[in-house]
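A.B. asks: What follows is a single structure, and I will ask about it in a moment.
Rule-based calculations on the coordinates, nothing more; no lab input. Keep in mind it's a predicted model, so treat the numbers as computed, not measured. A quick note on method: Cβ atoms are made from the backbone with ideal geometry, for glycine too, and the neighbour counts reach across all protein chains shown.
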Amino acid sequence: MSRKLALIGNPNCGKTTLFNLLTGSNQYVGNWAGVTVEKKTGMMKDSDYEIVDLPGIYALSPYSIEERVTQEFLLEENPDAIINIIDGTNFERNMYLTVQLIELNKPMVIAVNMMDDVRAGGGDIDCEYLSELIGIPFIPISARKAENTDKIAKEIHHVINHQHKPCEIDYNLTTRNALNSIFAVIVSRSKAADEPYPYYASKLLEGDSFVNRYIRLDDKQKYEIDKIAKEYEERSPYNDREALVADARYRYICLLYTSPSPRD
Ligand code: GDP
Ligand code: MG
């Protein structure tokens, strides 16, 4: 059986350009079951990997059909690895989705696209540093110019074979404490060892309705998680758990710029 790769990124980050490059003419187009969202799949050239092109989204929320299709695919079909493509000219915003993907705790590579534009603007992105810091390959590419895109297949192969997964997200203390408390409530489910508990925990802290339904908590667990979320909210004037978790994610992304390089 072929292995399955999920291709995920924000709208307009170059996902289709990369998908075409990686698969060539070997593509199949259909629809996701029950919805009118287009589903494209294709075999990665010279490999037995099937790439599933997921809808362009900004977050793994339960609000749009595209977001729900993506969450459902990631949790239920359990792809072997994720190719996350991000627009390097819009790094911080694109990393918001990346942070959520990291919590799924799967083999993953990040293709940092539009590097031709980044460099033309006099900028650069230290992919080597990010790879060390987050523990998964960040590959600088230009999908439009087909630059460095051959690295993706090589790195995908590597992360799958070594079950190479990203590091834990380093949230602020309040958020980390709340996540640990939720983790303690849900981990007793212990269905399968490779379930993405960090992802469940941050989604439950946010109050994500999809994950809430998906993992089927009992009433006592729901009550305890609600209590943890309320205490978390009360520590800030906003009183909005979803906004607080979003803020914690952005704070982590900002720290990627300011922490000292591990090579120093
Ligand atoms: P999608 O919405 O994520 O599927 O993105 P597309 O593949 O349709 O690309 C969106 C736009 O970005 C198109 O105009 C592409 O030509 C352009 N694009 C894609 N990759 C690159 C790249 O590496 N560099 C530059 N400068 N433009 C790119
Ligand atoms: Mg597209």
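A.B. asks: Between Arg213 and Asp46, 0.36 nm times their residue separation minus their Cα-Cα distance comes to what?
C.D. replies: 56.2 nm
A.B. asks: Under 20 Å from the Cα of Lys151, which aspartates and glutamates turn up, not counting those fewer than eight places away in the same chain?
C.D. replies: The qualifying aspartates and glutamates are Asp46, Asp48, Glu50, Asp53, Asp80, Asp87, Asp116, Asp117, Asp124, Asp126, Glu128, Glu132.
A.B. asks: Also, I was wondering about something else. Given a Förster radius of 41 Å and the C-beta distance between Arg176 and Val29 as r, what FRET efficiency does 1/(1 + (r/R0)^6) yield to the nearest 0.05?
C.D. replies: 0.45
A.B. asks: Would you calculate, for the chain, the mean residue ellipticity at 222 nm contributed by helices, counting each DSSP H stretch of 4 or more residues as -39,500 (n - 2.57) and dividing by all residues, to the nearest 500? Kindly include the intermediate steps, with their values, before the conclusion.
C.D. replies: On the way: 11 runs with 119 residues, N = 264.
The helix contribution divided over the chain gives -13500 deg cm²/dmol.
A.B. asks: Now for a different question. With angles folded into 0 to 90 degrees, how steeply does helix 91-102 sit against the dominant principal axis of the chain? Use alpha carbons for both and round to 10.
C.D. replies: With both axes taken from Cα atoms, the answer is about 70 degrees.
A.B. asks: Moving on to the next point. With each pseudo-label sitting 7 Å past Cα toward Cβ, what's the Ala243-Ser2 distance in nm, one decimal?
C.D. replies: Label-label distance for Ala243 and Ser2, simple model: 4.6 nm.
A.B. asks: What's the ranking of 227-234, 203-210 by average number of surrounding C-beta atoms within 10 Å, highest first?
C.D. replies: 203-210, 227-234
A.B. asks: Further, regarding this structure: Given the pairs Lys39/Lys106; Lys106/Lys230; Lys15/Lys45; Lys203/Lys230; Lys15/Lys145, which span a C-alpha to C-alpha distance of over 19 angstrom in this model?
C.D. replies: Check vs 19 Å cut-off fails for Lys39/Lys106; Lys106/Lys230.
A.B. asks: Any idea what the relative contact order of the chain is, in percent, if you count C-alpha pairs under 8 Å spaced at least 6 apart?
C.D. replies: Relative contact order, the chain: 17 percent.
A.B. asks: Same structure, new question: Of the listed peptides 105-118, 46-59, what is their order by residue-averaged count of other C-beta atoms within 10 Å, with the highest listed first?
C.D. replies: Numbers: 105-118: 23.1, 46-59: 18.4.
Highest-to-lowest ranking by the protection proxy: 105-118, 46-59.
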